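None of the figures in this text is laboratory data; all of them are computed from the coordinates on show. Since the structure is predicted, the reported quantities are computational estimates derived from the model, not experimental observations. Cβ atoms come from the backbone with ideal geometry, glycine included; neighbour counts cover every protein chain shown.
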Amino acid sequence: MEISELMKKATIFHGHICPGVAIGVLVAKYAIENGFEHSPDEELVAIVENDNCSVDAIQALLGTTFGKGNLIHRDYGKNNFTIFSRKTEKGVRLSLKSTFGDKKKTTRDEKVKLLLESKLEDIFNIEEVEYNPPPKAQIEESITCDICKELTMNSRMIDYQENKMCIPCYQKFKK
Ligand SMILES: [Zn+2]
Ligand SMILES: [Zn+2]
């Protein structure tokens, strides 16, 4: 798929064109072209180390989404992207080169243009990684919180003072 098509698809999902979307599009394009094609179910898992605009492009183009549980966020504040394929049992990691981080003088549009016109190797460090994906998302039962009566995933309940409580209720009680 052409980069312009991918940009269009990602931008419709994200809402605007920005360098973050361009970064995500480049990561997704590389992935798609190297055996990590779009994931209708949980064929792919993406581990992202930031929650910026780039992640929306990853979700839109690779099908690794928050809702399906095959998008894992590690809150490190870094532009690193690791993608695993459960089909091929391969993994790849792209990390933004530091030389790309400090182009502060350029405008947003110039940055996007620069990203899309650069060689991928000039933007990212790319390496194959050992196949070691996180486990698949679990479907689990919900039970009713004794305090607010809202249905809550069992694994998120806390036993406190003879009650089973959801996290917000527990935080209120604890004070
Ligand atoms: Zn954005
Ligand atoms: Zn509750």
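If the condition is being within 18 Å of Tyr131 (Cα to Cα) and touching a Pro at 6+ places or on another chain (Cβ under 7 Å), then region 43-82 contributes Val45, Ile72. Among the residues of region 121-156, write down those that are more than 10 Å from ligand 2 (Cβ to nearest atom) and assigned to a loop (DSSP other than H, G, I, E, B). The answer is Glu130, Tyr131, Asn132, Pro133, Pro134, Pro135, Lys136, Ala137, Gln138, Ile139, Glu140, Glu141.
Residues of region 1-22 that are in contact with a Leu (Cβ under 7 Å, 6 or more places away or on another chain) and more than 10 Å from ligand 1 (Cβ to nearest atom): Ile3, Leu6, Lys9.
Name the residues in region 1-22 that are surrounded by fewer than 20 Cβ atoms within 10 Å (Cβ to Cβ) and of a type in the set (A, V, I, L, M), would you? Of everything in region 1-22, those that are surrounded by fewer than 20 Cβ atoms within 10 Å (Cβ to Cβ) and of a type in the set (A, V, I, L, M) turn out to be Met1, Ile3, Ile12, Ile17.
Taking region 143-163 as the range and being surrounded by 13 or more Cβ atoms within 10 Å (Cβ to Cβ), among the hydroxyl-bearing types (Ser, Thr, Tyr) and within 28 Å of the chain's Cα centre (by Cα) as the test, only Thr152 passes. Put simply, of Ala46, Ala60, Ala31 the only residue that is small (Gly, Ala, Ser), within 16 Å of ligand 1 (Cβ to nearest atom) and touching a residue at least 12 places away in the same chain (Cβ under 8 Å) is Ala60.
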